[in-house]
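Visitor: This is the structure I want to talk about, given as structure tokens.
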């Protein structure tokens, strides 16, 4: 078992400068000039897969998720001539469990949710691609947010206040902040007056706006104008939907970079399906930019190939968190 010290060193290196694992060839990117959108037509893998089942992580209300991903589902159907269906989950655990039951074929996962699914299925899932940001990086950050009128300006001001976590299977909304705070000498169980799970990223921010909690953590690209909710992430999506005015909020803490979550598939699916999904997503930003922006909650540079090794540190974090949870209980 990985020791806490070894895990800390691994995570510090990984969070500080996420890099892609070395492969036999450079990872393909949406920005590569030879990337082309797959030609429409039936595929041989369609004989084995009668439909493409797409999982949607929780963290946003269901009607908004279905609205954002509806054109994406339709494009998969028209491109590969096979029915596609969206499966929105109420939380991250729903998608993780659905992968374990082989009820899903593909889902865009958070890094922590991917790690949980990989552990729960004994390696039964694999990553295909991750999101590349506008500056060419493949990372995002966790941010801690408070009301601007709360008088809270620093992490020190949060001592004795109430903290809302987003989801127990979220990297930015739970695992990474807890790990980073402990490394700063902050014990979340003792530092805050109370903590709780809000039921998702959007719900956690709303709980702060409505003064049910003093602060919440969520994910953001960490790039662009903070008053616009950055270039991508929960805050950007809520600003665009009119649910949040960032001028009334304050970011008081930001994590080190975290590798973006992957487009994830089951390992037992046909290799030809996996390759079609790689090419579909790699070419999506140029071929169908509106659909790309909808599913990614903002703009970026597209996608880049990844491997399981890129998420090995998150798997170790999940295992260590499970040990800590059993110790607390």
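Visitor: Calculate for the chain the 222 nm mean residue ellipticity that helices alone would give, adding -39,500 (n - 2.57) per DSSP H run of length 4 or more and normalising by residue count, nearest 500 deg cm²/dmol.
Guide: After summing the helix terms and dividing by the residues of the chain, the value is -11000 deg cm²/dmol.
Visitor: Taking every pair of distinct Cα atoms and averaging 1/r, then inverting, what Kirkwood hydrodynamic radius in Å comes out for segment 87-184?
Guide: For segment 87-184, inverting the mean 1/r across all distinct Cα pairs yields 15.7 Å.
Visitor: Where q = 0.13 Å⁻¹, what log10 of I(q)/I(0) comes from the Debye formula for segment 19-91, counting one point per Cα?
Guide: -0.60
Visitor: Using all alpha carbons of segment 139-258, what is the percent of pairwise distances in each 10 Å bin, ordered from the shortest bin to the longest?
Guide: Percent of pairs per bin, in order: 15, 53, 30, 2.
Visitor: Given 20 °C and 1.002 mPa s, compute D for the chain with the Stokes-Einstein relation, Rh being the Kirkwood radius over Cα pairs; round to the nearest whole µm²/s.
Guide: 106
Visitor: Here is a further query. What span do the alpha-carbon atoms of segment 184-329 cover on each of the three principal axes, reported in whole Å from largest to smallest?
Guide: Principal extents (Cα only, largest first): 52, 41, 24 Å.
Visitor: Please compute the contact order of segment 139-258 in relative form: average sequence separation of alpha-carbon pairs under 8 Å and at least six residues apart, divided by the residue count, as a percent.
Guide: Relative contact order comes out at 40 percent.
Visitor: Relative contact order of segment 57-191, please, whole-number percent, based on alpha carbon pairs below 8 angstrom and at least 6 residues apart.
Guide: It comes to 21 percent, rounded to a whole number.
Visitor: So if each residue of separation counts as 0.36 nm, and I subtract the Cα-Cα distance between residue 44 and residue 312, what length gain in nm does that give?
Guide: Taking residue 44 through residue 312 to full extension adds about 93.2 nm, to one decimal.
Visitor: Another question, then. Tell me, in nm to one decimal, what length is gained between residue 148 and residue 245 on full extension, where the rule is 0.36 nm per residue of separation less the Cα-Cα distance?
Guide: Working: separation 97, 0.36 × 97 = 34.92 nm, distance 1.06 nm.
Full-extension gain reported as 33.9 nm.
Visitor: To continue, here is another question. Taking the beta-carbon count within 10 Å as an exposure proxy, list 327, 293 from fewest neighbours to most. Display every interim value, and only then the final one.
Guide: Details: 327 7, 293 15.
Ordered from fewest to most neighbouring Cβ atoms within 10 Å, 327, 293 come out as 327, 293.
Visitor: Using the alpha-carbon atoms, what tilt in degrees (0 to 90, nearest 10) does helix 4-16 show relative to the longest principal axis of the chain?
Guide: That works out to roughly 70 degrees.
Visitor: Which order do the peptides 264-270, 247-253 take when ranked by the mean count of other beta-carbon atoms within 10 Å per residue, highest first? Could you put the intermediate results ahead of the total?
Guide: On the way: 264-270: 17.7, 247-253: 16.1.
Top to bottom by mean Cβ count within 10 Å: 264-270, 247-253.
Visitor: Please build a GNM for the chain, connecting alpha carbons under 10 Å apart, and tell me which residue among 100, 200, 123 fluctuates the most.
Guide: Looking only at 100, 200, 123, the largest GNM fluctuation is found for 123.
Visitor: Give me the percent of DSSP beta bridges within the chain that run antiparallel, rounded to the nearest 5.
Guide: 70
Read the figures in this text as sums done on the coordinates, not as results from a lab. Computed from a predicted model, the values in this text were never measured in an experiment. Using ideal geometry, Cβ is built from the backbone for each residue, glycine included, and neighbour counts are taken over all protein chains shown.
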